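Asks: There's a structure below that I have some questions on.
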Amino acid sequence: MNKVLKGKFVVALLICILILFCSIDTYATTIPLPKIGIEVDSAESPQDVALSLQILALLTILTLAPAILILMTSFTRIIVVFSFLRNALATQQMPPNQVLVGLALFLTFFIMAPVWSEVNQKALQPYLAGEITQETAFANGIKPIREFMLKQTREKDLALFVNLSSTPKPNSPEDIPTHVVIPAFAISELKTAFQIGFIIYLPFIVIDMVVASTLMAMGMMMLPPMMISLPFKILLFILVDGWNLVVQSLLLSFR
């Protein structure tokens, strides 16, 4: 009896599969499927060549967008300071990288909002309205960003790249090329971030030294000092409202 039931079940299953395939074949013949293709033709006019070069330049800019966001904004200083803070606390992966990067991005948007607003008002909107040309829009748009970078760049770092670039000695900040300003701004941001990180490290190093000396005096040589100092570090950070102090210091460092 069981073999008969199994045989009927197998036959019914095969019939259902055949009906399913027939219905799929029917729908495939009645419902048109979209066709996607990419065509590359030869340019027939100078306008086609110019359009192709503009598309190539746009794709290049999109490729460099992460580097532009990191090295031409306040993102570098913020994320480096957050990394120093996490290492000083010795909390391993807490907060996670995604949280630190997300917070750094939103703080970057907050700091750069006045600059981007000026770029939008003086370059993007007039260009979209057809009031200015593309070259004028680029010149008007890069000016606020250059002013922000030059304000945060040390003269020593700027002089280093000016000398190495073999460009004529500039008479004013407007004479310095943008490709010279960007690396000078980047290393200045790294130096400032390391200075802030050093200051953040100091109180936590004191806690580590006190805990290590106490454990050594008590003869507890096998107990890791990091395990004992970690709760005290977190408690100190909470009591002084550490996140508020760190974020406030970062925001004020760009004023």
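Asks: Scan the range 196-222 for residues that are touching a helix residue (DSSP H, G or I) at 6+ places or on another chain (Cβ under 6 Å) and open to solvent by 60 Å² or more (accessible area, probe 1.4 Å) and jot them down.
Replies: If the condition is that a residue be touching a helix residue (DSSP H, G or I) at 6+ places or on another chain (Cβ under 6 Å) and open to solvent by 60 Å² or more (accessible area, probe 1.4 Å), then 201 is the only one that fits.
Asks: Can we say residue 131 is of a type in the set (D, E, K, R) and modelled with pLDDT under 80?
Replies: Numbers: of a type in the set (D, E, K, R): yes; modelled with pLDDT under 80: yes.
Criteria met by residue 131.
Asks: Restricting the search to the range 71-127, which residues are small (Gly, Ala, Ser), in contact with a Phe, Trp or Tyr (Cβ under 7 Å, 6 or more places away or on another chain) and free of Cβ contacts under 8 Å to residues at least 60 places away in the same chain?
Replies: 104
Asks: Looking only at the range 151-182, filter to residues that are free of Cβ contacts under 8 Å to residues at least 60 places away in the same chain and within 16 Å of residue 69 (Cα to Cα); which one of those is surrounded by the most Cβ atoms within 10 Å (Cβ to Cβ)?
Replies: 181
Asks: So which of 193, 139 ends up being open to solvent by 40 Å² or more (accessible area, probe 1.4 Å), out of contact with any Leu (no Cβ under 7 Å at 6 or more places or on another chain) and small (Gly, Ala, Ser)?
Replies: Of the residues listed, the single one that is open to solvent by 40 Å² or more (accessible area, probe 1.4 Å), out of contact with any Leu (no Cβ under 7 Å at 6 or more places or on another chain) and small (Gly, Ala, Ser) is 139.
Asks: Here's something else I'd like to know. Looking at the range 184-214, which of its residues are touching a Lys or Arg at 6+ places or on another chain (Cβ under 6 Å) and either assigned to a loop (DSSP other than H, G, I, E, B) or among the charged types (D, E, K, R) (or both)?
Replies: 189 - this is the single residue of the range 184-214 that is touching a Lys or Arg at 6+ places or on another chain (Cβ under 6 Å) and either assigned to a loop (DSSP other than H, G, I, E, B) or among the charged types (D, E, K, R) (or both).
Asks: Just to be sure, is residue 113 in contact with a helix residue (DSSP H, G or I) (Cβ under 6 Å, 6 or more places away or on another chain) and either within 27 Å of residue 255 (Cβ to Cβ) or of a type outside the set (Ser, Thr, Tyr) (or both)?
Replies: no
Asks: Further, regarding this structure: Which of the helices (runs of 4 or more DSSP H) contained wholly in the range 80-183 include at least 2 residues that are β-branched (Val, Ile, Thr) and touching a Pro at 6+ places or on another chain (Cβ under 9 Å)?
Replies: Of the helices (runs of 4 or more DSSP H) lying wholly inside the range 80-183, those with at least 2 residues that are β-branched (Val, Ile, Thr) and touching a Pro at 6+ places or on another chain (Cβ under 9 Å) span 97-119.
The values are calculated or read from the model by the stated rules, or taken from the named source; none is laboratory data. The shown structure was predicted, so the numbers you read here are calculated from the model rather than taken from an experiment. Don't worry about glycine lacking a Cβ; one is built from the backbone with ideal geometry, like all the others, and counts go over all protein chains shown. SASA here: full protein model, heavy atoms, side chains in, ligands and nucleic acids out. Shrake-Rupley method; radii C 1.70, N 1.55, O 1.52, S 1.80 Å.
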